[in-house]
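Some notes on the structure that comes next.
The values are calculated or read from the model by the stated rules, or taken from the named source; none is laboratory data. Everything numeric in this text was worked out from a predicted model, so none of it was measured. Here the Cβ is made from the backbone with ideal geometry for all residues, glycine too, and neighbour counts use every protein chain on show. Remember, those area values only see protein heavy atoms, side chains included, never the ligands or the DNA or RNA. Shrake-Rupley method; radii C 1.70, N 1.55, O 1.52, S 1.80 Å.
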Amino acid sequence: MRLWSRELWQLAGLAALGVGLGSLLGAWALGLAVGLGATLAIHLIRLRALYRWLTRTPRAEPPVAPGLWGELFDRLYRYQKAQHLIQNRLQARLERIQQSSEALRESVVMLDRHGDMQWWNSAATDMLGLVAGHDRGQHITNLLRDPRFVRYFAGCDYAEPLTLISPIDERCILEYQVTRYGDGERLLMARDITRLHRLEQMRRDFVANVSHELRTPLTVLAGYLETYGDLADTLPPRLGRGIGQMQAQASRMQNLVNDLLLLSRLEIDQGGEDHARLAPEALLERIAFDARALSGDRHVIEVEVEIERGEAGRAALLGSEAELQSAVSNLAFNAVRYTPEGSRIVLRWRSDASGGFIEVEDDGEGIDPMHIPRLTERFYRVDKSRSTASGGTGLGLAIVKHVLLRHDAHLEIDSHPGAGALFRCAFAPVRLRP
Ligand code: ADP
């Protein structure tokens with residue numbers, strides 16, 4: 001304020017001087033105009049100095065001026081210095097981040113909000129074949145053109161990574177993961193999982209081969225055991241009992257081998273290209289019939305089929321009949337096996353704009369929610385002795401999961417101990433036809 005009133009006094013002083021000198025010459029108005037003009041000229045000169053300082057040499061010392069202008073120059077200079085310091089610090093931090101990203105073995109590509117590439121590390125140059133000057137600013141899908149990547153990138157659901165063959169070396173398998181950050185920007189990371197993929201492939205081949213090789217000897221053993229079983233009456237009782245047990249175990253092993261083979265086939269053949277039109281009602285009726293037959297000797301269970309009325313209920317499902325029959329049968333048979341006498345099982349079909357749903361609901365013993373996330377793992381059992389006794393292989397829900405994956409669908413499980421269980425196969429709208 002002090003500086004400001006000084007400025008005002010200076011203006012008033014110059015105006016008064018002008019009027020005084022003008023009055024002496026008999027033209028006070030002209031004197032006032034000269035006084036005001038001189039003030040204006042002083043301010044214009046300072047303004048010009050400010051302009052030149054800001055535009056030409058912003059980092060030089062500010063011009064020297066008395067009063068309000070001097071204060072203004074000083075404050076601007078201090079502000080500019082502080083900004084410069086912050087900018088330097090940010091730049092150093094950015095460089096450190098880029099240096100650490102450089103050191104990564106994974107490819108890192110920074111994308112702006114449109115998906116254009118802004119920066120990448122040298123691993124990305126080697127792994128994805130990005131060229132420094134040429135590719136900067138290009139859209140990522142101009143470089144990674146595989147339709148599965150284009151769909152993944154545009155889909156905006158990056159919860160799961162995407163595995164694809166490298167765009168520059170078809171012997172390499174890459175896993176892509178996109179993460180969002182900042183204001184709509186995205187970070188693409190790619191890592192080489194060729195070794196892991198090969199090991200996984202070896203594991204699958206090994207399981208498939210062993211299961212396949214076990215099949216013939218098991219069939220022979222089961223065949224002979226059946227023959228001896230027919231002769232059980234003529235054998236000593238101890239031997240007869242042993243043969244009965246051997247038959248039960250052989251049949252369990254056959255189920256296990258068949259489930260392992262089915263699972264290997266589902267894993268190896270990832271296509272899921274079978275798009276037959278299926279009527280969900282007929283499918284569920286067939287499965288309900290089998291479930292009643294399974295529960296028959298336990299005289300238990302009521303099995304019902306509920307189909308939504310109207311158009312939605314008549315919608316068809318696109319997929320492989322054998323695979324879907326096997327998946328939903330697994331759910332229905334589990335419902336029979338894990339529910340006590342007198343229970344009720346419902347097989348339900350409904351659809352809406354978000355997709356189609358096959359539900360298998362029972363009012364049996366239910367499952368503790370802590371087990372639910374792991375139920376679809378191979379051989380995961382809530383109660384091992386119970387499952388083995390009920391004839392399960394421990395692969396049923398793993399098969400369901402893989403079949404659904406091949407049908408643009410996923411499994412949802414809702415259950416609580418003592419409150420029954422609901423298994424829902426949720427199909428994407430692409431799998432529905434009116
Ligand atoms: P299993 O051959 O042991 O039945 P699954 O993969 O089919 O293997 O099922 C995994 C586990 O999930 C079972 O061991 C069982 O504990 C539990 N489970 C599956 N379905 C039901 C159900 N309807 N009610 C209660 N528990 C169930």
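If you wrap a convex hull around the C-alpha atoms of the chain and split its volume per residue, what is the figure in Å³? Mind showing how you got there, number by number?
Numbers: hull volume 118.8 nm³, N = 434.
In the chain, the Cα convex hull volume per residue is 274 Å³.
Database remark: amide H of SER343 closer than 5 angstrom to the amide H of GLU302 (H placed geometrically; neighbours at sequence offset of 5 or more, or on other chains; Pro and chain starts carry no H). In the context of the full set of protein chains, residues of the chain present 60 Å² of accessible surface per residue (probe radius 1.4 Å, heavy atoms only). Each residue was assigned an accessible area with a 1.4 Å probe, and for CYS172 the value is about 30 Å².
The Cβ shell under 15 Å around MET117 holds other residues with a net charge of 0, Lys and Arg each +1, Asp and Glu each -1.
Given that compact globular proteins tend to follow 2.2 N^0.38 Å, what is the ratio of the alpha-carbon Rg of the stretch 198-268 to that value?
Details: Rg = 15.9 Å, N = 71, 2.2 N^0.38 = 11.1 Å.
Its radius of gyration relative to the 2.2 N^0.38 Å reference: 1.43.
Rounded to the nearest 500, what is the chain's calculated 222 nm mean residue ellipticity when only DSSP H runs of at least 4 contribute -39500 (n - 2.57) each, over all residues? Walk me through the numbers before you get to the answer.
Values: 14 runs with 235 residues, N = 434.
Result for the chain, helices only: -18000 deg cm²/dmol.
Where Lys and Arg each count +1 and Asp and Glu each count -1, what net charge lies around PRO280 among other residues with Cβ under 12 Å from its Cβ? For residues surrounding PRO280, the net value is +1.
With a 1.4 Å probe and all protein chains in place, put GLU226, GLU304, GLU311, GLU359 in order of accessible area, largest first.
On the way: GLU226 110, GLU304 55, GLU311 135, GLU359 10 Å².
Correct descending sequence by accessible area is GLU311, GLU226, GLU304, GLU359.
Take ARG433: with every protein chain present and a 1.4 Å probe, its accessible area is about 100 Å².
Among LEU94, LEU32, LEU283, determine the one that fluctuates most according to a GNM of the chain built with springs between C-alpha atoms less than 10 Å apart. Highest fluctuation among the options: LEU32.
Taken one residue at a time, the phi angles of the stretch 186-193 give Karplus couplings (6.51, -1.76, 1.60, θ = phi - 60°) of 9, 10, 9, 10, 10, 10, 7, 10 Hz. Gly and Pro are set to x. Once Rh for the stretch 104-192 is found with the Kirkwood sum over Cα pairs, what is the Stokes-Einstein diffusion coefficient at 37 °C and 0.692 mPa s, in µm²/s? The Stokes-Einstein estimate is 254 µm²/s. Once the convex hull of all Cα atoms in the stretch 276-433 is built, its volume per residue stands at 103 Å³.
By accessible area, using a 1.4 Å probe on protein heavy atoms only, the stretch 2-94 has 68% of its surface on carbon and sulfur. Averaging 1/r over each pair of different alpha-carbon atoms in the stretch 113-268 and inverting the result gives 20.1 Å, the Kirkwood hydrodynamic radius. Rounded to the nearest whole angstrom, the semi-axes of the ellipsoid equivalent to the stretch 51-98, taken from the Cα gyration tensor as √(5λ), stand at 29, 11, 6, largest first.
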